[in-house]
Amino acid sequence: MTAAARGRPTLTERRRQETRLEIAEAAAHLFSDQGYDATTVEDIASAAGISLRTFYRYCAAKEDALTPVLTAGVGQLVEQLAARPLEEPLTSAVQAAFDTSTSPRRLADVERARRLIRVMGSVPAIRMRWMAAGRDMQDRLVPVLSARTGASQGSLEVRLLASALIDAITVAMEHWARQDEPEDIAELTRRALDYLRIDEL
């Protein structure tokens with residue numbers, strides 16, 4: 001049985017994904033270290049160890065280079081939340097899922113992560129892609145939240161809850177990135193989630 005038949009990526013697909021991630025990591029480092037405007041496609045290709053032709057095979061423009069970084073946490077948070085006990089309060093479950101999946105404080109270089117979040121929030125082309133990643137996360141949260149709340153996946157309430165959760169986490173991260181003396185991101189996220197009072201719904 002082939003890898004595709006078993007539902008696993010083929011070797012070629014895995015290599016393509018590795019190349020996409022290498023491009024994304026190179027772009028993330030350059031954008032956070034020297035700024036988006038000062039970084040060229042040539043810089044990204046050189047840092048990733050690929051040719052310009054290879055870069056354009058994967059990315060139409062430099063703002064597309066970050067797409068794997070923007071979407072990497074989408075599945076992680078959803079999977080972590082789905083694994084939390086159903087009887088656990090939603091605020092606690094979301095906080096735990098965030099802490100073990102997408103929290104920037106898990107990164108080795110926290111200051112670089114803060115700079116990157118500022119780039120993601122301030123460059124219109126990248127912000128559009130970040131917003132799209134957030135919308136994707138909302139859509140993937142809906143069935144998980146439906147299972148936890150007992151409400152229909154198509155209900156207004158579940159979709160509003162998914163949107164509110166993602167917005168709260170996003171705002172907390174952006175606030176954390178812009179502070180001169182940042183508070184702990186976990187505390188900021190907890191405050192944001194508490195403010196929603198979702199456990200009272």
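Each reported figure results from applying straightforward, stated rules to the coordinates on display, with no laboratory input. These figures come from a predicted structure and were not determined experimentally. All Cβ positions, even for glycine, are placed from backbone atoms using ideal geometry, and neighbour counts span all protein chains on display.
Observations on the structure shown:
- Pairs with Cβ under 7 Å, 6+ apart, first in region 119-145 and within 15 Å of Leu161 (Cβ to Cβ), second among the hydroxyl-bearing types (Ser, Thr, Tyr): Gly134/Thr170; Gln138/Ser163
- When Gln153 is tested against (1) in a helix (DSSP H, G or I); (2) more than 13 Å from the chain's Cα centre (by Cα), exactly one condition is not met: (1).
- Within the span defined as region 173-182, one or more residues are in a helix (DSSP H, G or I), of a type in the set (A, V, I, L, M, F, W, C) and touching a Lys or Arg at 6+ places or on another chain (Cβ under 6 Å).
- Qualifying position, being farther than 19 Å from Leu77 by Cβ and among the β-branched types (Val, Ile, Thr), among Val119, Val144, Val171, Val158: Val119
- Within region 50-92, the residues that satisfy the criterion of being assigned to a helix (DSSP H, G or I) and closer than 17 Å to Leu193 by Cβ are Gly73, Leu77, Val78, Gln80, Leu81, Leu90, Thr91, Ser92.
- Selection of region 176-201 for residues being without any contact (Cβ under 8 Å) to a residue 24 or more places away in the chain and surrounded by fewer than 16 Cβ atoms within 10 Å (Cβ to Cβ) yields Gln179, Asp180, Glu181, Glu183, Glu187, Arg191, Arg197, Glu200.
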